[in-house]
Amino acid sequence: QNLKRLFLFTMASSVPPSISITHHVVEASAGRLQWPSNAELYYLPPERELLPDKARRLMFQAFFHYTGLSYTECPALNADYMSPIGDSPFLVVKFGPKSLVFTELFKLVQFVESQNLGLGKDLDKQEKVECEAFISLVKMKLFKSLEYKTWISPTTLKESLRQYGHGLPWPLRHVVPYIHYIKYIWGHWEKYLLTDESVMEEVAAVFKALSLRLGTNESFYQSG
């Protein structure tokens, strides 16, 4: 019975075969496209969502909020297994018979900018370079600190494993978290050289740099 449930869950987790997965989204776009109304953002529900997953989801949601592009939120208990890279969230955008899957926000931003639908059209060249530098800083430092806190830190690892298996049938609630844990640490052995204190010091330094750049403004770049 448990093997049957495992098989059914795995089958239900597959990405629909009609979806075309591309990592070179700019190359896949020809000419200017009108943003469709059927974009779907798939993500894990709050009871399974870990810090890195939540951060990625909030980034997608913030982007859609400020661009005004339409989309539908689709929380799914197996969103990570539906994803082509095994992580939540991901966005499915259908342009007629063809679909694009975005697993990274920055790939989506690149695509939207190529269609002249994004926020970058009001920035000059220097501001765009500066913006990319801040984005890299956030990705390399802040996001990596969330991954450390989730999968490496001894103070939170046990809770992360428990939460990631929440809602899944037995034995998946035990198997799936450890598979994801092993998958992460296999490529991040160097993270074991870090400590909670050293990570928090890096985070504080990044926030200080961003705060100095922001000053008394409400945003980095003032429109109008």
Check your understanding: What tally of residues in the stretch 73-119 results from selecting those that are open to solvent by 70 Å² or more (accessible area, probe 1.4 Å), part of a strand (DSSP E or B) and of a type in the set (S, T, N, Q)?
Key -> 0
Check your understanding: Where residues in the stretch 133-151 are in contact (Cβ under 8 Å) with a residue 60 or more places away in the chain and β-branched (Val, Ile, Thr), which of them is surrounded by the fewest Cβ atoms within 10 Å (Cβ to Cβ)?
Key -> 138
Revision key, fill the gap. Filtering the stretch 180-197 down to residues that are farther than 21 Å from residue 88 by Cβ and open to solvent by 40 Å² or more (accessible area, probe 1.4 Å) yields 189, 190, 192, 193, 194, 195, 197
Point to revise | Members of the stretch 182-207 found to be touching a helix residue (DSSP H, G or I) at 6+ places or on another chain (Cβ under 9 Å) and assigned to a helix (DSSP H, G or I), listed by number | key: 184, 185, 191, 192, 196, 199, 200, 202, 203, 205, 206, 207
Review point. Can you find a residue in the stretch 123-141 that is at negative phi, part of a strand (DSSP E or B) and under 12 Å from the mean Cα position of the chain (by Cα)?
Key: no
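Listed here are the residues, each with its yes/no results for (1) assigned to a loop (DSSP other than H, G, I, E, B); (2) touching a Lys or Arg at 6+ places or on another chain (Cβ under 8 Å); (3) open to solvent by 70 Å² or more (accessible area, probe 1.4 Å); (4) within 27 Å of residue 47 (Cβ to Cβ).
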| residue | (1), (2), (3), (4) |
| --- | --- |
| 158 | no, no, yes, yes |
| 163 | no, yes, no, yes |
| 178 | no, no, yes, yes |
| 209 | no, no, no, no |
| 219 | yes, no, no, no |
Check your understanding: Only one of (1) out of contact with any Ser or Thr (no Cβ under 6 Å at 6 or more places or on another chain); (2) without any contact (Cβ under 8 Å) to a residue 40 or more places away in the chain is not met by residue 85, so which one is it?
Key -> (1)
Practice item. Could you list, in sequence order, all residues of the stretch 63-72 that are in a helix (DSSP H, G or I), open to solvent by 30 Å² or more (accessible area, probe 1.4 Å) and free of Cβ contacts under 8 Å to residues at least 40 places away in the same chain? Key: 65
Practice item. Considering only the stretch 165-176, state which residues are open to solvent by less than 60 Å² (accessible area, probe 1.4 Å) and more than 20 Å from the chain's Cα centre (by Cα). Key: 167, 168, 169, 171, 172
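The values are calculated or read from the model by the stated rules, or taken from the named source; none is laboratory data. What you are looking at is a predicted structure, and each value in this text was computed from that prediction instead of being measured. Cβ sites come from the backbone with ideal geometry, for glycine too, and all protein chains shown count toward neighbours. Note: areas computed on protein heavy atoms with side chains; ligands, DNA, RNA excluded. Shrake-Rupley method; radii C 1.70, N 1.55, O 1.52, S 1.80 Å.
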